[in-house]
Amino acid sequence: MPTLTDLPISVTPVPSHEHFPIVNAPTSRFGDRLFYSLTLAAVISLGVLFATVIIVQVNGSHMAMQKFGWGFLTSKAWDPVKLDFGALPFIYGTVVSSLIALLIAVPLGIGTAVFLTDLAPVKMRQPLVSVIEMLAAVPSIIWGLWGIFVMVPWLREHLFPFLQKFLGFLPIFQGPTYYGVSMLAAGIIIAIMILPIITSVSREILRSVPDLQREAAYGLGATRWEVTRIAVLSYARRGLMGAAVLGLGRAVGETMAVTMVIGNVPQISSSLFDPGYTLASAIANQFAEANEDIYRSALFEIGLVLMGVTIVINILALLLIKAFETPGSRRA
């Protein structure tokens, strides 16, 4: 009886790239060359645009950098009369208000996304998504007006006294509550504004989780909460971190609504009931009245510091996302 080795088997060699040379697509046809050139020009234009912004900020802030040096970042002074300027109160206000916004918006946004993805009845999902998308389309100035006439009075009359009564032993909830406009008000208004962004991005990320993950967890006897925690949130945690970073990018640069509810006082206070200032609101609120060259230069340097803070935050966020990266999700 013949065996497999006795049978005449002819193996056709697979043609290599020597027989079929790889054609350089961008140079093969005019259409390909044109498409390649347009996409390359788009990439270059973004780099040129970013470099132009940096150059304008550096040139505008040159006078303040020469006069104040690195002390500009650590000085608490902001006196347009004496032409003495420092950015520390604005950096503090930007960081604190953004952190407050993230502490409020990230849990609410992710929780809303989980509900819309896995828990809400099918008929409810699209109307709720439409409402969230409409909230994202509300202009900043409208949120500012709402904050002044609705949110700030409510905070002053109800939330601030409540927090002081039950959490007044904490330094952040001490001090007078009659201002209304405050660092906490700015953090809340920013949280409301970034909430639709975090919710929409988180929802798309959770929808991309394979159904096989959920089915496997249910097959092992997991409860709905365990399926959400282990099979969904754990799988999508890197993407959810990215959603939080997008919200943080919006929070750091938010201007008009914050200007209207933060109080615009350049001070560093441990109490969230006190007014404050942010980098973006300082530029928007004071640039028109800057009648001295050094004053305008200091505001330009405020803008440069804001760009630096944004870049640092994004670098830290990328490192944090990488820390949450699992070995199986690394790309070659």
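The values are calculated or read from the model by the stated rules, or taken from the named source; none is laboratory data. In this text the structure is predicted, and so the values were computed from the model without any measurement. Every residue, glycine among them, receives a Cβ derived from its backbone with ideal geometry; neighbour counts consider all protein chains shown. Remember, those area values only see protein heavy atoms, side chains included, never the ligands or the DNA or RNA. Shrake-Rupley method; radii C 1.70, N 1.55, O 1.52, S 1.80 Å.
Out of region 210-251, which residues are at positive phi and either in a helix (DSSP H, G or I) or touching a helix residue (DSSP H, G or I) at 6+ places or on another chain (Cβ under 8 Å) (or both)? Correct list: empty. Residue-level check: of (1) of a type outside the set (S, T, N, Q); (2) over 21 Å from Phe85 (Cβ atoms); (3) open to solvent by less than 20 Å² (accessible area, probe 1.4 Å), Arg238 misses just (3). Between Glu254, Glu292, the distinction of being touching a residue at least 40 places away in the same chain (Cβ under 8 Å), acidic (Asp, Glu) and either open to solvent by 30 Å² or more (accessible area, probe 1.4 Å) or at positive phi (or both) belongs to Glu292 only. For region 61-78, the set of residues classified as touching a residue at least 24 places away in the same chain (Cβ under 8 Å) and surrounded by 14 or more Cβ atoms within 10 Å (Cβ to Cβ) consists of Ser61, Met63, Ala64, Met65, Lys67, Phe68, Phe72, Leu73, Trp78, listed by residue number. Starting from region 115-127, keep only residues that are in contact (Cβ under 8 Å) with a residue 40 or more places away in the chain, then list their pairs with residues that are charged (D, E, K, R) and open to solvent by 80 Å² or more (accessible area, probe 1.4 Å) whose Cβ atoms are within a distance under 8 Å, requiring at least 6 positions of separation or different chains. Taking only residues 6 or more apart or on different chains, the pairs are Thr117/Arg207; Asp118/Arg224; Leu119/Arg224. Take the residues in region 79-95 that are within 19 Å of Thr255 (Cβ to Cβ) and surrounded by fewer than 21 Cβ atoms within 10 Å (Cβ to Cβ), then tell me which one is nearest to the chain's Cα centre (by Cα). Result: Val95. Scanning region 202-228 for residues that are of a type in the set (Lys, Arg) and closer than 15 Å to Leu116 by Cα yields Arg203, Arg207, Arg224. Kindly indicate whether Glu133 is part of a helix (DSSP H, G or I), in contact (Cβ under 8 Å) with a residue 40 or more places away in the chain and surrounded by fewer than 14 Cβ atoms within 10 Å (Cβ to Cβ). Spelling it out, Glu133 is indeed part of a helix (DSSP H, G or I), in contact (Cβ under 8 Å) with a residue 40 or more places away in the chain and surrounded by fewer than 14 Cβ atoms within 10 Å (Cβ to Cβ). Please indicate, with yes or no, whether at least one residue in region 166-179 is part of a helix (DSSP H, G or I), without any contact (Cβ under 8 Å) to a residue 40 or more places away in the chain, more than 20 Å from Ser269 (Cβ to Cβ) and of a type in the set (A, V, I, L, M, F, W, C). Scanning region 166-179 turns up at least one residue that is part of a helix (DSSP H, G or I), without any contact (Cβ under 8 Å) to a residue 40 or more places away in the chain, more than 20 Å from Ser269 (Cβ to Cβ) and of a type in the set (A, V, I, L, M, F, W, C).
For Ala217, the conditions (1) in contact with an Asp or Glu (Cβ under 7 Å, 6 or more places away or on another chain); (2) of a type outside the set (Lys, Arg); (3) touching a residue at least 60 places away in the same chain (Cβ under 8 Å) are fulfilled apart from (3). With the requirement that a residue be aromatic (Phe, Trp, Tyr) and open to solvent by 60 Å² or more (accessible area, probe 1.4 Å), what does region 136-183 give you? Answer for region 136-183, where residues must be aromatic (Phe, Trp, Tyr) and open to solvent by 60 Å² or more (accessible area, probe 1.4 Å): Trp146, Phe149, Trp154, Phe162, Phe166, Phe169, Tyr178, Tyr179.
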